[in-house]
Amino acid sequence: MFRKIAVAAGLLAAAIAGPAQAQDYPEKPIEFIVPWGPGGGSDTLMRIVAMGLTEVTGQPVPIVNMPGVGGTVGLAEFAKRPADGYTISQIHEGLYTANKLGITELSYKNFIPVALVTSSPQYLVLSKNDNFSNLEELKAYAEANPGAVRAGVTLGGVPHLHMAMIEEALGVEFSYVGFRDTGERIRAAVGGNVDIVIGDVASASEFVKNGDLIFAGVGTEERTAEEPDVPTMAEQGYDLSMAVTRGVVLPAGTPDEIVEALDTALEKAMSLPDIREKMTNAGSAEIYLGHEAYKAYLDKLDSEVDKVVGKLQG
Amino acid sequence: MMLDAFLAGAHQVFAFDTLIYMLIGSIAGIIAAAIPGFTVTMAIILTLPLTFSMGPLQGVSVMLSVYVGGYTGGLISAALLGIPGTPSSVATTFDAYPMARGGEPGRALSLGVWSSFFGTVISTIVLILAAPPLAMIAVKLGPWEYFSLIVFALTIVASLVGNSLMRGLIAGVIGLGLATIGPDPMMGQPRLTFESSILLPGLPFLVVLIGIFAISQLMGEVEDHGKGNSSDALIPDVIEFKTWSVMREVLMHPVNLVRSSLVGVFIGALPGAGGSIANLLAYDQAKRSSKNPEEFGKGTPDGVIASEAGNSATAGGGLIPMIALGIPGSAVDAILMAALMVHGISVGPRLIMDNADLAYGMFVAMVVSSLMMLVVCVLSMRLFLRVTDIPKQFIVPTVMICCVIGAFALNNRVTDLYLLGAIGLVGYGLKSLDYPLAPLVLGVILGPIAETNLRRALMSDGDWTVFFTRPISAVLLAAALLSVIFSVRSVLKMRKKDRPATDEQDGD
């Protein structure tokens, strides 16, 4: 009896609250599969997103870490989940490289893009050394000494892709050394065990301030707010776009209303002041692309990755 | 300046609410680590979102209390059940368990708790005094040094072999082999997976550890059931703690205590090595320098002290590169850093200068955490020992369920549970055939680190002589060679001595 009254009251409230409120979604907790381990960039950023989503929807959004094989184990599991909006996940450029290198059959097309929520601009970072201290000198040195410059990357991962883009644009040859994550690469660069790496503000800027590392260029269209003194790659004559962008996705077949409702909820969440501040602190630029815009972005990215992917198979 | 920062940090840590949260964190860490299959890392991940709403130092202090508690909690199941509660308490099972079974469970626990306490305190002292130079050394080490260090670490297999050197070496090789299954550590290309979705993600180290130690130990308990030696309970109920006399006993082994703690600090300070190696290395060093190496594995206090001081000291050690340089020494430190970053604190080489109160507050929090751990453990020891009163038919299934949940919670993969079952059977088989299990686990830990660094070294420089021309690398390789010679000699000596009486004592 009481339950019926409660339901009726709830319906009434919903009706008053406004029309077309994509039913009651979400009416129970949303599981957020992060296909990477705890403590990394994806994990930290997505925990903040989950926090904002909880604030907006009033539903808990527990993070479930499912790491393994470059993020593909978690996504494979996610693809099998019911398309009802109660399991969400995250993708970034790593899915493209994993797919194109044949590590997984999954591609971004297996999922419905909901919204792009973070973008971490990537920098070309030089270890302090006697041979070069900016992009021009690096090019000259690498031209004179093919293969002598040791580049730290995650083999078959996004940094590898970015480094290959730089190598191609400069028309030089690096030798690659493999590392598991950004922290490991930065450490090797600080210790002088590699010469150049791809890094971001969150992991490298303190070392730049301290004089151990040098930012030689950033892969954004305009200079970033955090590092206004670092020239873009485009400014220096190389039209390269290098960023790690993370978006929320749903399994294929999810009803449109739910995609819309989630998009709306995410947009609200990402505009909350405390969430914005935390995202910035964790190294993400302010960005939001909704469902359609994100989809177009992913298609464009696909053709860009295709151009350089051959370099990764060496 | 330094004193100001110290006082400012201490002021924040000694706030009433911070202390209460830390106490809860400490208890949570101890419990999580005491349950086989649940790790410190998991407990800290659960704490992470909670700290988002706390102040930066408060959040980190709570996480540190979980961390310190966790390095101690592992000894409870190691001593009472013979199952390492966390990867860092493998060596604790060697002597604490025989000691507990021999009728002194209270002494085994007290020894472990005090050693952990002193280990943490010593590591914190080193952290405060020598963080910047040690961190600089740690970061300069390249793949060559790491590879040589792992080669050295592999030679400690000889200390872990139990009765037969041959069976120990075979177990170590099996471990190295198991570690090659799954995506290769450099390119992520699948190896030895036979297109099976179960093997595709590889064998997670924790799943191997739980399978090898916990499942085989539990099956052994079931098998022994009804043989009458220990009636229902796992351990006869002689409950004596002698907390203070045990403290004196620990302090009576100052050389072992300090050496094991320093091993823990150095291994902890090397990014990527960590507690799971430190306890074994400290145990090995203690055994080698002991006048009575044959007592190791039979319940000698030295073994417990070495392992527990060694693993707890990695907590302070791991903070060295993090506080001095902003480079995490372990997965746990990476999570700590993430917690600070979200609060807008850039963790890097300038942390001590720019956020001195935070850095010194962390030192204070380390000391407070270790005191809390000590108080909680001493007060609740009687409670832990009640575990030994519980009849086997309840405790074996309960622990088994915890193991399964823990193995699943690690990566949330159902396939890991099939692996757990299969590895458990292998472990049980090996144990029944009197193969020592520790070398296998060592192989699984060290194999991938060795491979990664060997390949990284050769990618950086195709010339293999670099391994011998870089001084630290050369010293480590020489140490490895000496270690092998020493082991072979002592095995030959033991063989001569032991000829008349064959010893049936189990190696682990």
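Could you tally the net charge around residue A:164, taking each other residue with its Cβ under 14 Å from the Cβ of residue A:164, Lys/Arg +1 and Asp/Glu -1?
Within the 14 Å Cβ shell, the charges total -3.
Hey, got the average number of other protein chain Cβ atoms within 10 angstrom for residues in A:65-73?
Whole-number average of other-chain Cβ neighbours for A:65-73 is 6.
Just add up the charged neighbours of residue B:326: K/R +1, D/E -1, any other residue whose Cβ is under 12 Å from the Cβ of residue B:326. Don't skip to the answer; put the middle values down first.
On the way: positive: A:187, A:209, B:350; negative: A:206, A:212, B:333, B:354.
Overall, the nearby charge balance is -1.
How big is the dipole moment of the stretch A:123-218 about its Cα centre under a simple scheme where the beta carbon of each Lys and Arg is +1, that of each Asp and Glu is -1, and everything else is neutral? Debye, nearest 20, please.
240
Measure off 7 Å from each Cα along the Cα-to-Cβ vector at residue A:272 and residue B:417, then give the distance between these two points in nanometres to one decimal.
Going by the 7 Å Cα→Cβ label model, 3.3 nm.
With a 10 Å radius around each residue's Cβ, average the other Cβ atoms per peptide and rank B:154-163, B:249-258, B:26-35, highest first.
B:26-35, B:154-163, B:249-258
Compute the FRET efficiency between residue B:390 and residue B:46 as 1/(1 + (r/R0)^6), taking r as their Cβ-Cβ distance and R0 = 25 Å, and round to the nearest 0.05.
0.45
When only Cα pairs under 8 Å and 6 or more residues apart are kept, what is the percent relative contact order across the stretch B:2-498?
Taking the mean separation of contacting Cα pairs over the length of the stretch B:2-498, I get 29 percent.
If the cut-off is a Cα-Cα distance under 22 Å, which lysines reach residue A:300, setting aside same-chain residues fewer than 8 apart in sequence?
Candidates past the 8-residue exclusion: A:100, A:109, A:311.
What does the C-alpha gyration tensor say about the overall shape of the stretch A:123-218? Classify as rounded when a/c is under 1.5, otherwise prolate if a/b is larger than b/c, or oblate.
On the way: a/c = 1.58, a/b = 1.16, b/c = 1.36.
Note, shape of the stretch A:123-218 comes out oblate.
Once amide H atoms are built 1.01 Å from N in the peptide plane, which residues 5 or more positions from residue A:112, or in another chain, come under 5 Å H to H?
Amide H neighbours of residue A:112: A:250, A:252.
Arrange the peptides B:186-198, B:58-70, A:211-223 so that the one whose residues have, on average, the most other Cβ atoms within 10 Å appears first.
So the peptides B:186-198, B:58-70, A:211-223, ranked by packing, come out B:58-70, A:211-223, B:186-198.
Please label the shape of chain B as rounded, prolate or oblate, based on the square roots a ≥ b ≥ c of the eigenvalues of the alpha-carbon gyration tensor (a/c under 1.5 means rounded; beyond that, a/b larger than b/c means prolate, else oblate).
Taking the square roots of the gyration eigenvalues as a ≥ b ≥ c, chain B is rounded.
What pairs from A:80/A:268; B:291/B:497; A:268/A:307; B:298/B:392; B:242/B:493 go past 26 Å between their alpha carbons?
Those over the limit are A:80/A:268; A:268/A:307; B:242/B:493.
Starting from the Cα of residue A:303, step 7 Å along the direction of its Cβ; do the same at residue B:494; then give the gap between the two resulting points in nm.
6.9
Which residue, chosen from A:123, B:35, B:23, occupies the Cα position most advanced towards the positive end of the dipole of the protein assembly as shown, where the dipole is computed from +1 (Lys, Arg) and -1 (Asp, Glu) charges on Cβ about the Cα centre?
So the residue we want is B:35.
Please name whichever of B:206, B:102, B:361 sits farthest to the positive end of the charge dipole of the stretch B:2-498, dipole taken about the Cα centre and charges placed at Cβ: Lys and Arg +1, Asp and Glu -1.
Value: B:102.
Which peptide among B:362-375, A:95-108, A:291-304 comes first, and what is the full order, when sorted by highest mean count of other Cβ atoms within 10 Å?
B:362-375, A:95-108, A:291-304
Using a 10 Å cut-off around each Cβ of peptide B:449-460, what is the average number of partner chain Cβ atoms that fall inside?
3
Per the helix-only calculation at 222 nm, which mean residue ellipticity applies to the protein assembly as shown, given -39500 (n - 2.57) for every DSSP H run of n ≥ 4 and division by its residues, nearest 500 deg cm²/dmol?
So the calculated ellipticity at 222 nm is -19500 deg cm²/dmol.
Under a cut-off of 17 Å between alpha-carbon atoms, report the lysines in cross-link reach of residue B:140, not counting same-chain residues fewer than 8 places apart.
A:128
Quantify how strongly other chains surround peptide B:178-189 by giving the mean number of their Cβ atoms within 10 Å of each of its Cβ atoms.
On the way: counts 0, 0, 0, 0, 2, 7, 2, 3, 7, 10, 15, 6.
Mean shielding by partner chains, rounded to a whole number: 4.
At a threshold of 8 angstrom on Cα-Cα distance, excluding pairs fewer than six apart, so keeping six or more, what relative contact order does the stretch A:123-218 reach in percent?
Reported relative contact order: 45 percent.
For the residue pair residue B:165 and residue A:131, what label-to-label distance in nm results when each label sits 7 Å from Cα along the Cα-to-beta-carbon direction?
With each label point 7 Å from Cα toward Cβ, the separation is 4.6 nm.
How big is the dipole moment of the protein assembly as shown about its Cα centre under a simple scheme where the beta carbon of each Lys and Arg is +1, that of each Asp and Glu is -1, and everything else is neutral? Debye, nearest 20, please.
2580
Among the aspartates and glutamates, select those whose C-alpha is under 15 Å from the C-alpha of residue A:139, and discard any that sit fewer than 8 residues away in the same chain.
Straight-distance partners of residue A:139: A:130, A:167, A:168, A:173, A:195.
Let me test this: with uniform point scatterers at the alpha carbons of the protein assembly as shown, what is the Debye-based log₁₀ I(q)/I(0) at q = 0.10 1/Å?
The Debye formula, applied to the Cα set alone, gives -1.09.
What does the charge dipole of chain B about its Cα centre add up to, to the nearest 20 debye, if the Cβ of each Lys and Arg holds +1 and the Cβ of each Asp and Glu holds -1?
The dipole of chain B has a size of about 820 debye.
Taking Cα pairs under 8 Å and at least six residues apart, what relative contact order does chain A come out at, in percent?
26
Skipping prolines and chain starts, which residues have an amide H placed within reach, meaning under 5 Å, of the one on residue A:34, given they are 5 or more residues away or on another chain?
Close amide H contacts, sequence-distant or interchain: A:64, A:65, A:66.
Here, each number is a calculation from the coordinates, and none is a lab measurement. None of the values given here were measured: they were computed from a predicted structure. Every residue, glycine as well, gets a Cβ built from its backbone with ideal geometry; the counts of neighbours run over all protein chains shown.
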